[in-house]
Protein chains: 4
Amino acid sequence: MPLTAPLRGVVPPVCTPLDAQGDIDTGSLARLVEHLLDGGVHGLFALGSTSEVAYLTDEQRGAVLETVVNVVDGRVPVLAGVIDTTTPRVLDHARAAARLGADALVATAPFYTRTHPRETAAHFRRVRDRVDLPLFAYDLPVSVHSKLSPALVLDLAADGTLAGVKDSSGDEGSLRRLLVALGGREGRAAGPVPAFSVLTGSELTVDAALLAGADGVVPGLGNVDPAGYVRLHDAARAGDWSRAAAEQERLAALFAMVDAGPEDEMGRSSSALGAFKAALRLLGVIDHGDTAFPQIPLSASSVAAVDARLRAAGLTPVR
Amino acid sequence: MPLTAPLRGVVPPVCTPLDAQGDIDTGSLARLVEHLLDGGVHGLFALGSTSEVAYLTDEQRGAVLETVVNVVDGRVPVLAGVIDTTTPRVLDHARAAARLGADALVATAPFYTRTHPRETAAHFRRVRDRVDLPLFAYDLPVSVHSKLSPALVLDLAADGTLAGVKDSSGDEGSLRRLLVALGGREGRAAGPVPAFSVLTGSELTVDAALLAGADGVVPGLGNVDPAGYVRLHDAARAGDWSRAAAEQERLAALFAMVDAGPEDEMGRSSSALGAFKAALRLLGVIDHGDTAFPQIPLSASSVAAVDARLRAAGLTPVR
Amino acid sequence: MPLTAPLRGVVPPVCTPLDAQGDIDTGSLARLVEHLLDGGVHGLFALGSTSEVAYLTDEQRGAVLETVVNVVDGRVPVLAGVIDTTTPRVLDHARAAARLGADALVATAPFYTRTHPRETAAHFRRVRDRVDLPLFAYDLPVSVHSKLSPALVLDLAADGTLAGVKDSSGDEGSLRRLLVALGGREGRAAGPVPAFSVLTGSELTVDAALLAGADGVVPGLGNVDPAGYVRLHDAARAGDWSRAAAEQERLAALFAMVDAGPEDEMGRSSSALGAFKAALRLLGVIDHGDTAFPQIPLSASSVAAVDARLRAAGLTPVR
Amino acid sequence: MPLTAPLRGVVPPVCTPLDAQGDIDTGSLARLVEHLLDGGVHGLFALGSTSEVAYLTDEQRGAVLETVVNVVDGRVPVLAGVIDTTTPRVLDHARAAARLGADALVATAPFYTRTHPRETAAHFRRVRDRVDLPLFAYDLPVSVHSKLSPALVLDLAADGTLAGVKDSSGDEGSLRRLLVALGGREGRAAGPVPAFSVLTGSELTVDAALLAGADGVVPGLGNVDPAGYVRLHDAARAGDWSRAAAEQERLAALFAMVDAGPEDEMGRSSSALGAFKAALRLLGVIDHGDTAFPQIPLSASSVAAVDARLRAAGLTPVR
């Protein structure tokens, strides 16, 4: 399904269910997609960081995207992450995603290399130029160790390179400056790039981002509680900010599951992604909570902590 | 004037006017204090980063605080920054601030040293123990290169060490998690530490912080437009989030003055503080726009950019 | 050619000549390999950072390694970089490298992800376990944003996971501590892991590393002047530290070519790799100085600066 | 005693003995100074990071410097750290140091603030201009979070601002580039600034730095074993690099005491400085091992680890 311009709403980054051997569990993935669509989401983002894209082989990436596209079957747009170190490698992923039916691409700045903003701009321009799909910039300094400046994003929006940005930088001040430059909450339609979509990747400040004029949200926690984020989004669209903030608070308390795994025992990716998957297994959506190697699995007591967070947030584990 | 508990409202960090010799311009400082009080602010924070505290000698720090306390004369509470590398040096500043009549102290974590969170906790506890004034933690990773975790802040709130926190970390997700742990926007009074005050130091996300339940704001830009921040605060308190966000947008556009000085020519402190002071001079509040050595002064064209930002925000330069 | 244990000597990371279309120039690559072997090097490292591995598609990586292995034809061992974000993706590269005849593998810690040292250890263990080739750890914080601690390296050496480490961390104090723990310059043979190889990746401190007991060096600048690094190595092996240091100084002056491209115009990868390739073209070794997209090419004046560095170091451009 | 130009040799940063109340133990400090002079050192650096300068009040700083200057009584030059956030505050310390008889000053770049290299240059120039003592730049990114580039240091050397640099950056490649730019190991006298002194602050790479042409070393560990560093220095001056490296290895093993305190229990400052002081107490040089508040004290088992390191290095505890 083609994207609206701008793309708006709740667009969760879809977790990738794995079995104990590390293989894609396509049955669970299909059920997860239905769970998200049942929750009322407005799009899906496959092969993002929350999808453990950095741990998936090219073959696995293909299997994931094929499954998501087939299950969605045009009901919402499917964005595909094309995550790799630099342009030539990203282009290989982008061509594969186009073949498999993605509706849009999501790319980060180059990483591993030491890259100048001018080179980052050329990178996005070439990806857009070579593969004919709308392109979103994925601003993720925690992974790529550079920040996309509002000025760079604006340039790439203005010349048609970017259809939008997914801002996972955690820098809400910078996000605000970008939104103001685009015309502000009331002035976007009359602004320089009306079709440009600004999405926040932060699970914890969605009410704030929507109040500031963001178009939508790409919440990892949205795998666990898509309906909650849709309610938050709907309240914001209705101008009921108290209700939006109350929903956000409930989700912020639920989000604390990302600390289920102790910091001295495992990486933060393992803890957060392990918690999301444990929650999805407890809720009966997927069959296994396994994360990709070499991530360390959550212990039973960590899973119990996830269970407690679910119950406190009004979600009911079925196993 | 003693603080309310929790302290609420707009508490600008007061700029320190200097003359061309780098001496404190106490006349201008007195006028700036009146300008802020006229704007309706609820407290003043002297000797913070925006006050160029890191550039002031101990003697100058004393002169600044004495002037502010005398001019305020009990109309609002005066918080005093006690910024130095470690506890013994902070205590010297804290004792001086107490002598000069400060109503509360604001201290950062130790810096320059490589300090463990347990040591940071001991630091705040000793400052509170040795000087009998309410103590605020100043979370400012850009200067001290460590972040105060919500867990640490909660511990220090719970045991009575901290009266509040000024969060200038720019990490709004962390701020949200702290506020939720304190009981959330509706549940603070019934939460674990009802008197604890959470203030944001970010100029750009005040509407969001207040929506999340923060008690107030410490905006550097509030020197230039205190009435704007007070209107934003009042709108938020009244639950008129559209008006709050609109005011925030106007202030975000005004805030862009901090980039008046080119990045390849001067430090970001010089550019931001130089812009605030240039604006105050253009508005007729202070006599000189000079910043402390070794900050590089704004060029005439940079000052012209500040002038343009003022006019665009509806503020009228008088020179 | 199988590796000695420990691997010793000069093992340059081979540049990857490209034509103006960004395709592998295998003819130039073959000449570069002969240039290095003529210089007397003791091994070659293909598909490292200096090879622009992060910019090469999988197909290009295969073409590079195949060319290098074929041209070398067993004269020296060929190490192959298997650079990717995490274990499953690294394993795909490792299997390809084994098929193409690499004599050893070189892998970094996971990147893009937030990984715990325990996970990094599991990563190296699985790569070694699944592909039967000696494995070197590539310590490159500037790219992967984590540092391999001496303790971790020692563990992985002791259990047979690692055949060696290429230390490009720039942390010479840490390198010294590792060497001392391995038995020191005289005590390595009687130390805990006599066959373990310690290679420095720093072009500028090779004399120091060899004095401290390192086994060899992997110098990017060794593409340009392999004979110089071999002379430096030979002087050190002969205990003639004055001669070693003098050669190092000449090479340090030559190394300044990495700053040929201005910092405000291009990334540091572009400048350094562009300079090495410009030098190789000027010396008549390769046909084109092009670097991979999106790196910005050196200007004519930057190439002239490279030319001047070559002449000052006693190397004679032929074009 | 006036400095030679360049200053050469072993110049330990003198620890500051404290009693259990955190007061300066001047008796122990006097004995420590004699211990260092007995070891044959060529100068002393008071009020550096190893002196816990960041934890000392202005009054304590004065007491320390006065004691050191009086005890030394002209036998070697005394350098005084003037560590504070910015120029105006540094100048206050510099004037105090001059009054107390320091022979030279040692200043870092500004910290806490966000400072441009042009501002850092102005900072050093003004300190030199306003206080008539030779000035050393202290390059300490771990504390001040900026690095002095070789180009900046060269500029400040060339115009007479700096008498030397203490490089504690750990960036030995940068140090090498600076030394080569100054003329190299044989060419310093004929280089652009013959009197400029380059001192390394790294305990672990002194042989390497001297091989590269550095003039001396400022080793924190030199408090514990000054004679060892003097032997290392003498061997290097005699061109006996094997002996220098062997001494360096012994000192590197001894240096491991800095990890005596567990990372999850205390800051790295506490562990390293606590170990040096514990060692000095065990060796009978000072009376107490206490470090300044809020540093966490070493446990008995950590002190036992220090004891073991001393014995392994051939030093004999007397208590």
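The values are calculated or read from the model by the stated rules, or taken from the named source; none is laboratory data. In this text the structure is predicted, and so the values were computed from the model without any measurement. Quick reminder, even Gly has a Cβ in these numbers, built from the backbone with ideal geometry, and neighbours come from all protein chains shown.
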Quick check on region C:281-297. Is at least one of its residues within 17 Å of D:Val180 (Cβ to Cβ), of a type in the set (A, V, I, L, M) and touching a residue at least 24 places away in the same chain (Cβ under 8 Å)? no
Condition set among the hydroxyl-bearing types (Ser, Thr, Tyr) and more than 12 Å from chain D (Cβ to nearest Cβ), scope region C:141-167, selection nearest to D:Ser174 (Cα to Cα): answer is C:Ser143
With the condition being farther than 27 Å from B:Asp19 by Cα, I'd like the strands (runs of 3 or more DSSP E) fully within region B:61-173 carrying at least 1 qualifying residues. B:104-108, B:135-139, B:164-167
Output the residue which, of all residues in region B:110-133 that are within 7 Å of chain D (Cβ to nearest Cβ) and β-branched (Val, Ile, Thr), is nearest to B:Asp92 (Cα to Cα). B:Thr113
Going through region A:121-164 in order, the residues found to be farther than 21 Å from A:Ala195 by Cβ and either hydrophobic (A, V, I, L, M, F, W, C) or at pLDDT below 95 (or both) are A:Ala122, A:Leu140, A:Val142, A:Val144
Kindly establish whether C:His42 is at pLDDT 95 or above, surrounded by fewer than 24 Cβ atoms within 10 Å (Cβ to Cβ), part of a loop (DSSP other than H, G, I, E, B) and not hydrophobic (A, V, I, L, M, F, W, C). yes
Name the one entry in A:Gly170, A:Gly191, A:Gly220 that is surrounded by fewer than 19 Cβ atoms within 10 Å (Cβ to Cβ), within 14 Å of another protein chain (Cβ to nearest Cβ) and not aromatic (Phe, Trp, Tyr). A:Gly191
Restricting to region D:246-264, and then to whatever is surrounded by fewer than 19 Cβ atoms within 10 Å (Cβ to Cβ) and not in a helix (DSSP H, G or I), can you tell me which residue is farthest from the other protein chains (Cβ to nearest Cβ)? D:Pro262
Does D:Val72 fit the bill of being away from every other protein chain (no Cβ under 14 Å) and modelled with pLDDT of 95 or more? yes
Where residues in region B:274-309 are β-branched (Val, Ile, Thr) and outside any loop (DSSP other than H, G, I, E, B), which of them is nearest to the chain's Cα centre (by Cα)? B:Val306
When you check B:Ala209 against the structure, is it of a type outside the set (Lys, Arg), more than 25 Å from B:Ser269 (Cα to Cα) and either in a loop (DSSP other than H, G, I, E, B) or at the interface with another protein chain (Cβ under 10 Å from one of its Cβ atoms) (or both), yes or no? no
Does B:Gly289 satisfy the criteria of being in contact with a helix residue (DSSP H, G or I) (Cβ under 9 Å, 6 or more places away or on another chain), within 14 Å of chain D (Cβ to nearest Cβ) and within 18 Å of B:Val53 (Cα to Cα)? no
Of residues in region A:52-81 being under 14 Å from the mean Cα position of the chain (by Cα) and closer than 15 Å to A:Ala102 by Cβ, the one surrounded by the most Cβ atoms within 10 Å (Cβ to Cβ): A:Leu79
Of the conditions (1) crowded, with 24+ Cβ neighbours inside 10 Å; (2) more than 14 Å from chain C (Cβ to nearest Cβ), D:Pro226 fails just one. Which one is it? (1)
Of the conditions (1) under 21 Å from C:Ala212 (Cα atoms); (2) within 11 Å of chain C (Cβ to nearest Cβ), D:Arg237 clears all except one; give me its number. (2)
Which count do you get for residues in region C:179-210 that are under 28 Å from C:Ala253 (Cα atoms) and of a type in the set (A, V, I, L, M, F, W, C)? 8
More than 13 Å from chain B (Cβ to nearest Cβ) and either within 22 Å of D:Gly216 (Cβ to Cβ) or touching a Lys or Arg at 6+ places or on another chain (Cβ under 6 Å) (or both), is that true of D:Phe136? yes
Evaluate region D:27-47: report whether one residue or more is within 25 Å of B:Ser143 (Cα to Cα) and over 15 Å from the mean Cα position of the chain (by Cα). no
Over 24 Å from C:Gly187 (Cα atoms) and touching a strand residue (DSSP E or B) at 6+ places or on another chain (Cβ under 6 Å) - does that describe any residue in region D:207-214? yes
Condition (residue is surrounded by 24 or more Cβ atoms within 10 Å (Cβ to Cβ), facing chain B (nearest Cβ under 8 Å) and not in a loop (DSSP other than H, G, I, E, B)) applied to region A:180-187: is it met by at least one residue? yes
Out of B:Leu315, B:Leu280, which single residue is in contact with a helix residue (DSSP H, G or I) (Cβ under 7 Å, 6 or more places away or on another chain) and surrounded by fewer than 24 Cβ atoms within 10 Å (Cβ to Cβ)? B:Leu280
Mind checking which pairs have a first residue in region C:37-58 that is within 14 Å of another protein chain (Cβ to nearest Cβ) and a second that is among the aromatic types (Phe, Trp, Tyr) and part of a loop (DSSP other than H, G, I, E, B), Cβ under 8 Å, 6 or more apart or different chains? C:Ser49/A:Tyr112; C:Ala54/A:Tyr112; C:Tyr55/C:Phe293
May I ask you to verify whether D:Asp307 is touching a Pro at 6+ places or on another chain (Cβ under 9 Å) and in contact (Cβ under 8 Å) with a residue 60 or more places away in the chain? no
